[in-house]
1. In nm, what is the difference between 0.36 nm times the number of residues separating residue 339 and residue 188 and their Cα-Cα distance?
2. Evaluate 2.2 N^0.38 Å with N set to the residue count of the chain, then give the Cα radius of gyration divided by it.
3. For segment 148-217, what is the convex hull volume of its Cα atoms per residue in Å³?
4. Of the heavy-atom accessible surface of the chain (probe 1.4 angstrom), what whole percent is carbon and sulfur?
5. Quick one: Cα centre-to-centre distance for segment 296-370 and segment 188-207, in angstrom?
6. Show that you can apply the helix-only estimate: for the chain, add -39,500 (n - 2.57) for every DSSP H stretch of four or more residues, divide by all residues, and state [θ] at 222 nm to the nearest 500.
7. Mind giving me the nanometre distance, one decimal, between the label points for residue 277 and residue 106, set 7 Å out from Cα along Cα→Cβ?
8. For a paramagnetic label modelled at 7 Å from the Cα of residue 331 toward its Cβ, which residues of segment 130-168 fall within the zone defined by backbone nitrogen distances under 19 Å?
Amino acid sequence: MNQSKLGKRFGGVAAFATAAILFAACSTNTGGSAAPGGSAAPGGSVAAGSIGVSLITKTDTNPFFVAMAKGAKESADKLGIKLTTAAGKEDGDTASQITAVENAISKGDKGILIVPSGPDVNPAIKKARDAGLFVIALDTPPDPADTVDITFATDNFEAGKLIGQWTAAQLAGKPATIALLDLFDDKIVSVDYNRDQGFLTGMGIDTKDIKKNGDEAKTGNYSGGTYEIACNLPTKGAEDGGQTAMENCLSKNPNINVVYTINEPAANGANKALTSAGKTSGILIVSVDGGCAGVDLVKTGVIGATSQQYPLKMASLGVQAIYDLATKGTKPAVSEGLDFYNTGVALVTDKAATGVTSISSADAAKICWG
């Protein structure tokens with residue numbers, strides 16, 4: 001089965017707690033061996049003031065990446081690191097990301113934190129590493145994983161699996177007519193297929209190629225009953241994309257009662273399309289992100305459940321890792337059983353399901369971002 005291919009994974013809130021403990025340990029270890037004035041310190045390390053880091057996100061408008069930039073800046077300011085930020089014009093804009101990587105190389109940065117928009121960025125990342133930069137992926141592990149030095153990310157398969165398990169439990173055996181609102185249809189990105197395939201696995205639907213969206217049987221059985229996949233459309237992770245995709249899905253099948261979305265902006269767009277179509281009840285919308293706006297959508301009942309991630313933690317850990325490498329020569333390690341460092345995930349819902357660990361929207365609001 002597909003889960004066996006993925007190796008050992010941390011679960012929900014337990015992973016979040018583990019990540020929090022490791023983050024606390026990492027954050028308190030700020031060194032002190034750096035020599036003043038940017039000169040080399042004993043052992044070949046450098047002073048913090050000479051460390052340049054570039055943060056390259058997919059966009060600078062999505063609240064998730066805005067929060068990530070905030071976390072990076074706070075950590076860089078604390079450590080005395082020179083931080084440069086850059087972003088694509090939209091999700092999938094790899095050309096802007098490639099330019100930002102090349103700029104980081106030209107500036108002589110010590111490291112790059114990047115949320116890769118697709119495999120087209122991989123050659124630029126290799127060029128940066130060949131030039132001696134330490135490259136960390138955030139949120140979206142590249143394929144292959146060793147394209148970068150390390151990734152700090154949510155276990156996106158686990159995030160999808162949690163909302164899938166919750167959905168199956170809420171349906172309680174009713175037939176599921178499913179809309180899958182993904183990220184792209186013109187490129188393969190790990191965060192896209194991991195969430196989608198995790199959701200289907202959580203529903204108890206057999207997937208074929210775990211790294212490919214849309215190749216599963218369109219009809220069959222989920223863990224509680226029968227299912228039909230009405231559509232599988234891209235949103236580019238944007239609200240307008242989610243609205244358009246949902247409108248197109250409804251034109252294919254007006255009886256949709258389950259809507260999986262890649263993120264909360266897409267979920268909000270899907271809800272607008274459903275509301276315009278007069279479909280205001282009996283439909284489960286699930287998503288991934290856990291920003292404050294998304295948590296509020298859970299509280300108001302727009303989203304039934306979302307998997308909360310921690311972008312500030314990802315960015316802060318990334319900045320700290322480059323600092324530690326530059327000043328002390330220490331490198332971060334991946335989480336046990338995974339090929340990335342797991343920054344945690346928690347299912348957020350106000351309709352808890354038996355057997356699925358979750359936190360309430362009130363609890364999530366205390367730790368949300370954006």
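1. Working: separation 151, 0.36 × 151 = 54.36 nm, distance 1.84 nm.
Going from the current span to full extension adds 52.5 nm.
2. On the way: Rg = 20.6 Å, N = 370, 2.2 N^0.38 = 20.8 Å.
Compared with the compact-globule rule of thumb, the chain sits at 0.99.
3. Values: hull volume 6.5 nm³, N = 70.
Per-residue hull volume (Cα only) is 93 Å³.
4. Values: 7560 of 14450 Å².
Carbon and sulfur together cover 52 percent of it.
5. 18
6. Working: 12 runs with 148 residues, N = 370.
The helix contribution divided over the chain gives -12500 deg cm²/dmol.
7. Each label point lies 7 Å from its Cα, and together they span 4.7 nm.
8. It comes to 130-138, 141-153, nothing else.
The values are calculated or read from the model by the stated rules, or taken from the named source; none is laboratory data. None of the values given here were measured: they were computed from a predicted structure. All Cβ positions, glycine included, derive from the backbone under ideal geometry; neighbour counts span all protein chains shown. Quick note on the areas: whole protein, heavy atoms, side chains included, nothing else; ligands and nucleic acids left out. Shrake-Rupley method; radii C 1.70, N 1.55, O 1.52, S 1.80 Å.
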